[in-house]
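Data first, discussion second: the structure below is written as structure tokens.
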Amino acid sequence: MAFEGLTGRLQSVFSKLRGKGKVSEDDVNEAMREVRLALLEADVNFKVVKDFVAKVKEKAIGKEVMESFTPGMVIIDIVNKELTELMGGTQAKLAKANKPPTVIMMAGLQGAGKTTTSGKLAKLLQKGNHRPLLVAGDIYRPAAIKQLEVLGEQIKVPVFSLGDKVSPVEIAKQGLQHAKDNNLDYVIIDTAGRLHVDEELMEELKQIHATVKPDEVLLVVDAMTGQDAVNVADSFNKQLDLSGVVLTKLDGDTRGGAALSVKAVTGCPIKFAALGEKIDALEPFHPERMASRILG
Ligand code: GDP
């Protein structure tokens with residue numbers, strides 16, 4: 001499971017601090033030296049770590065340690081709050097159009113989990129009594145259209161497809177019209193990914209964006225790729241104005257760096273976390289729960 005290494009390191013740091021009275025500068029310096037290493041080891045962006053450590057130090061030094069508490073507990077509390085802030089503070093909700101349908105455009109590199117996540121998101125929306133439509137816009141990856149159709153069938157959500165000979169821009173446009181005609185209230189557009197961020201990919205995404213004017217642009221990134229995931233998010237965000245990030249594969253042996261850096265580096269909140277390959281393994285991302293989970 002994700003974060004095990006980080007959690008273990010942080011726990012051993014804090015258990016060492018057992019003084020009384022105020023939290024001393026030495027306590028904080030010692031703890032933060034270890035926290036810094038633990039975060040860097042978890043592949044958190046260097047600048048993010050530096051700012052984080054500085055903030056915790058500023059808040060912790062000189063703090064009263066109440067009866068039956070230890071300086072370690074006081075610092076953990078501050079670290080917990082600051083980790084939560086780092087990940088955006090509160091849960092970032094999915095956008096909703098004033099007039100349905102709400103259009104959600106999915107973007108990401110190939111293999112990040114875009115198609116799977118589109119299906120999972122449709123399932124989540126369906127559970128909330130919505131009527132989503134999946135639009136098969138990834139015409140380049142051979143199996144993507146079929147994969148989305150199979151997912152749709154499995155969860156009984158309609159899938160709009162025009163095969164792989166029509167341009168993704170046209171597919172998106174007609175898909176949106178189909179949703180309007182059929183009184184569906186969410187449109188999830190799966191788009192093509194490439195192995196790397198390239199101009200052609202961005203150009204196509206920009207055209208889809210300009211055509212359907214999405215309420216939400218969700219970038220799907222693979223948490224296993226650590227800082228690479230953050231770099232990918234940064235370059236997509238510079239060109240596409242993302243409204244949220246979905247972190248996938250958090251069930252794997254990730255070091256957690258992406259979850260902790262994405263918001264700080266891109267300004268873009270993580271809206272969902274995917275924790276497995278199954279169709280219901282997607283949940284809204286809660287910064288405070290994730291912080292508590294990291295601290296163990
Ligand atoms: P796309 O190219 O971005 O559309 O990627 P896919 O949706 O086809 O996903 C690529 C692979 O990652 C598939 O084998 C998925 O089952 C797997 N995958 C997607 N999300 C998760 C996740 O949260 N956890 C795990 N373990 N695997 C995932």
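The values are calculated or read from the model by the stated rules, or taken from the named source; none is laboratory data. Just so it is clear, the model here is predicted, and its values are computed rather than measured. Quick reminder, even Gly has a Cβ in these numbers, built from the backbone with ideal geometry, and neighbours come from all protein chains shown. Only protein heavy atoms, including side chains, enter the accessible area calculation; ligands, DNA and RNA are left aside. Shrake-Rupley method; radii C 1.70, N 1.55, O 1.52, S 1.80 Å.
To check you understand DSSP bridge types, tell me what percent of the beta bridges within the chain (both residues inside) are antiparallel, rounded to 5.
Expressed as a percentage, antiparallel bridges in the chain total about 15.
Pull up all non-local amide H partners of V157: gap of 5 or more, or a different chain, and H-to-H distance under 5 Å with H placed in the peptide plane.
none
When the scattering of segment 197-261 is computed by the Debye formula from its Cα atoms alone, each counted once and equally, what is log10 I(q)/I(0) at q = 0.15, 0.18 Å⁻¹?
-0.49, -0.67
May I ask you to give the solvent-accessible area per residue for the chain, in square angstrom, as obtained with a 1.4 angstrom probe?
47 Å²
Note the angle between two axes, namely the Cα long axis of helix 25-41 and the longest principal axis of the Cα atoms of the chain, as a number of degrees from 0 to 90, rounded to the nearest 10.
30 degrees
With springs connecting C-alpha atoms under 10 Å apart, model the chain as a Gaussian network and identify which of G72, G276, G62 has the largest mean-square fluctuation.
Maximum among the listed residues: G62.
Determine the principal axes of the Cα atoms in segment 143-247, then give the extent along each, sorted from largest to smallest and rounded to whole angstroms.
In descending order, the Cα extents are 41, 29, 27 Å.
In the calculated pair distance distribution of the chain, what percentage of Cα-Cα distances lie above 30 Å?
36 percent
Could you work out the percent of alpha carbon pairs in segment 98-147 separated by over 12 Å, rounded to a whole number?
More than 12 Å apart: 67 percent of the Cα pairs in segment 98-147.
Top mean-square fluctuation among N183, N237, N45, Gaussian network model of the chain, C-alpha springs under 10 Å?
N183
Accessible area of segment 45-148 with a 1.4 Å probe: how many percent of it is carbon plus sulfur?
55 percent
Which distance in nm do the two modelled labels at S12 and A143 give, with both placed 7 Å along the Cα-to-Cβ direction?
4.1 nm
Students often get this wrong: which residues of segment 71-112 have the backbone nitrogen under 18 Å from the point 7 angstrom along Cα-to-C-beta of S235?
Once the point is set 7 Å along Cα→Cβ of S235, 107-112 turn out to lie under 18 Å by backbone N, inside segment 71-112.
Equivalent ellipsoid semi-axes for segment 17-168, as square roots of 5 times the alpha carbon gyration tensor eigenvalues: give them largest first, rounded to whole Å.
Sorted largest first and rounded, they come to 49, 18, 12 Å.
Relative to the longest principal Cα axis of the chain, at what angle does helix 4-15 sit, 0 to 90 degrees, rounded to 10?
The angle comes out near 20 degrees.
Between A54 and L195, how high is the FRET efficiency from 1/(1 + (r/R0)^6) when r is the Cβ-Cβ distance and R₀ = 30 Å? Nearest 0.05.
0.20
Skipping prolines and chain starts, which residues have an amide H placed within reach, meaning under 5 Å, of the one on D185, given they are 5 or more residues away or on another chain?
R131
Mind checking which of V53, L37, M224 is farthest towards the positive end of the chain's charge dipole, using Cβ charges of +1 (Lys, Arg) and -1 (Asp, Glu) about the Cα centre?
The one lying farthest along the dipole's positive direction is V53.
Suppose each label sits 7 Å from its Cα in the direction of the beta carbon; what would the R289-R33 distance come out to in nanometres?
In this crude spin-label approximation the distance works out to 3.7 nm.
When the helix-only estimate is applied to the chain (DSSP H runs of n ≥ 4, each -39,500 (n - 2.57), divided by the residue count), what is the mean residue ellipticity at 222 nm, nearest 500 deg cm²/dmol?
Helices in the chain give a 222 nm mean residue ellipticity of -16000 deg cm²/dmol.
Gap in Å between the Cα centre of segment 134-185 and the Cα centre of segment 223-273?
Taking the Cα centre of segment 134-185 as reference, the centre of segment 223-273 is 25 Å away.
Once Rh for segment 218-296 is found with the Kirkwood sum over Cα pairs, what is the Stokes-Einstein diffusion coefficient at 4 °C and 1.567 mPa s, in µm²/s?
Value of D from the Cα-based Kirkwood radius: 104 µm²/s.
Please give the FRET efficiency for D164 paired with N80, using the beta carbon to beta carbon distance and R0 = 51 Å, rounded to the nearest 0.05.
FRET efficiency, D164 to N80: 0.60.
If you plug each phi of segment 122-138 into the Karplus form 6.51 cos²θ - 1.76 cosθ + 1.60 with θ = phi - 60°, what whole-Hz ³J(HN,Hα) values come out, in order, with x for Gly and Pro?
For segment 122-138, the Karplus-derived couplings read 4, 5, 4, 5, 4, 4, x, 6, 9, 10, x, 10, 9, 10, 8, x, 8 Hz, x marking Gly and Pro.
Once both axes come from the Cα atoms, what is the angle between helix 46-60 and the longest principal axis of the chain, in degrees from 0 to 90, rounded to 10?
On a 0 to 90 degree scale, this one is about 50.
Quick query: amide H of G108 versus all other amide H atoms, modeled in the peptide plane; which residues come in under 5 Å with a sequence gap of 5 or more or a different chain?
Here V220 satisfy the definition.
As a test of reading the structure, rank Y186, Y140 by solvent-accessible area (1.4 Å probe, protein chains only), most first.
From most accessible down to least: Y140, Y186.
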